[in-house]
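Below is one structure, written out as structure tokens, with a few remarks after it.
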Amino acid sequence: MRILTIHNRYKVRGGEEECYEAEVNLLQKMGLIVEVYEENNNYLTGLNTAALAAKTIWSQKTYENIRNRLKKGKLDIVHVHNFFPLISPSVYYAAKAEGIPVVQTLHNYRLLCPNGLFFRDNQLCEQCTGKVIPYPGIIGGCYRNSQVASAGVATMLGMHRAMRTWTEMVDLYVCLTEFAKQKFIGGGLPASKVIVKPNFVNFDSGMGLGNGGYALFVGRLSTEKGLDTLLTAWEHLGQYIPLKIVGDGPLADYVAQTVKTLPQVEWLGHKSLSQVYALMGEAMFLVFPSKWYETFGRVAIEAFAKGTPVIAANIGAISEIVTNGRTGLHFQPGIPEDLVDKVKWILGNPEKLAQMRIEARLEFEAKYNAQKNYEQLMKIYANAKIASTKL
């Protein structure tokens, strides 16, 4: 099988980049021919707002490049991971013009929300869902904190909704969880075209021992990740259990200043994947305090691979990934007092914690390993070919 993967890279490497790369590497490892077409947001610097808006709506460069590439040799699938903002939905039309089935993985909520997060002003926001033109996102300046830039994104979403791009130009959409699937169907995508395939852990370094005597947070240091909830909880916990924080991001200064007053909290900054896995394996549990609708939650399944339970906010996809009482615990999102209660409970029940470690590892083996993911992806590609012939 020959696959052309399409991806618009971000300036800052994050979980979406890692998941995309892991999938490409897996397919190549399994003997498939994978060609890559990429753009990079580092090039945004040279574009003014008007030029970026026009390119976001329709990139003629992408259309021509993809059509020319497809004409050189028959490919079986065009798999789009991210078209925004430089590639544009023109990639779908190029593939369809050459008769190639299209699969789109939905790593964020961009088709429904200008900023892709369903999160604004430190709270959940779904005001744009279902609107032909998502004007609340323009008023709020949700993309790049700019009403002008947000108007460009909103125009792209509205125009392609009117052109029926989202319903007719993509053969299958891949959501990472059932929660995300229902959000997209509610936002107008055809239910028959939306399926669920989770992310996976490409490298299995084995189960850890959990003997480190600390809790762990791993992730981008940003508002929607719930850093305020996490740090407030550890203010209340005092010396109850140390916390290690791994990651970097826009709230780095806030975290650095706060941990100075919390001797039980250590900020480690950015760490390599192997270092993160080592920390996860020794952690008693991972804390996942997000306040937005995560489309997945990769660090949770990485923790599962090490046999580490997760205390997660009961919101969005992460509450689906973490089974309360079996692979971890749920707490009320944004409520540090409830997080404190759950931490004290899990530390006060060592036998239950030990069982959760076993269950977390079993969950990884059953759902999130590379072989399982490969089998699911092959089925998706086969179904996309069938769907394409019905149009």
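Is it the case that the range 137-157 has a residue that's assigned to a loop (DSSP other than H, G, I, E, B), surrounded by 21 or more Cβ atoms within 10 Å (Cβ to Cβ) and not β-branched (Val, Ile, Thr)? Full working, then the answer.
Start the filter on the range 137-157 by keeping residues that are assigned to a loop (DSSP other than H, G, I, E, B), which leaves 140-146.
Going one step further and asking which of them are surrounded by 21 or more Cβ atoms within 10 Å (Cβ to Cβ), we end up with 142-143.
Pick out the ones that are also not β-branched (Val, Ile, Thr) and you get 142-143.
Yes, the range 137-157 contains a residue that is assigned to a loop (DSSP other than H, G, I, E, B), surrounded by 21 or more Cβ atoms within 10 Å (Cβ to Cβ) and not β-branched (Val, Ile, Thr).
For the range 158-194, enumerate the residues that are assigned to a helix (DSSP H, G or I) and in contact with a strand residue (DSSP E or B) (Cβ under 7 Å, 6 or more places away or on another chain).
Selection gives Glu178, Lys181, Phe184, Ile185, Lys193.
Find the residue count for the range 26-35, including only residues that are part of a helix (DSSP H, G or I) and either in contact with a helix residue (DSSP H, G or I) (Cβ under 9 Å, 6 or more places away or on another chain) or modelled with pLDDT under 95 (or both). Write out each step before concluding.
Pass one, the range 26-35, residues part of a helix (DSSP H, G or I): 26-29.
With the extra rule that they be either in contact with a helix residue (DSSP H, G or I) (Cβ under 9 Å, 6 or more places away or on another chain) or modelled with pLDDT under 95 (or both), the set shrinks to 26-27, 29.
Final tally of qualifying residues: 3.
Evaluate the range 280-299: report whether one residue or more is in contact with a His (Cβ under 7 Å, 6 or more places away or on another chain) and not in a helix (DSSP H, G or I). Break it down into steps so the answer makes sense when it comes.
Taking the range 280-299 and keeping what is in contact with a His (Cβ under 7 Å, 6 or more places away or on another chain), we get 295.
So of that shortlist, the ones also not in a helix (DSSP H, G or I) come out as 295.
Checking the range 280-299: at least one residue is in contact with a His (Cβ under 7 Å, 6 or more places away or on another chain) and not in a helix (DSSP H, G or I).
Would you tally the residues in the range 36-80 being assigned to a helix (DSSP H, G or I) and either at pLDDT below 85 or surrounded by fewer than 16 Cβ atoms within 10 Å (Cβ to Cβ) (or both)?
Of the range 36-80, the ones assigned to a helix (DSSP H, G or I) are 41-46, 49-57, 60-72.
The next check asks that each one be either at pLDDT below 85 or surrounded by fewer than 16 Cβ atoms within 10 Å (Cβ to Cβ) (or both); those that pass are 41-46, 49-51, 60-61, 64, 68, 71-72.
Selection size over the range 36-80: 15.
This table checks each residue for (1) under 30 Å from Asp121 (Cβ atoms); (2) under 24 Å from the mean Cα position of the chain (by Cα); (3) surrounded by fewer than 23 Cβ atoms within 10 Å (Cβ to Cβ).
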site: Glu302; (1), (2), (3): no, yes, no
site: Thr323; (1), (2), (3): no, yes, yes
site: Gln332; (1), (2), (3): yes, yes, yes
site: Ile346; (1), (2), (3): no, no, yes
site: Ala366; (1), (2), (3): no, yes, yes
site: Tyr374; (1), (2), (3): no, yes, yes
site: Tyr381; (1), (2), (3): no, yes, yes
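Kindly check whether there is at least one residue in the range 85-102 that is at pLDDT below 95, of a type in the set (Lys, Arg) and surrounded by fewer than 21 Cβ atoms within 10 Å (Cβ to Cβ).
no
The values are calculated or read from the model by the stated rules, or taken from the named source; none is laboratory data. Just so it is clear, the model here is predicted, and its values are computed rather than measured. Cβ: placed from backbone, ideal geometry, glycine included. Neighbour counts: every protein chain shown.
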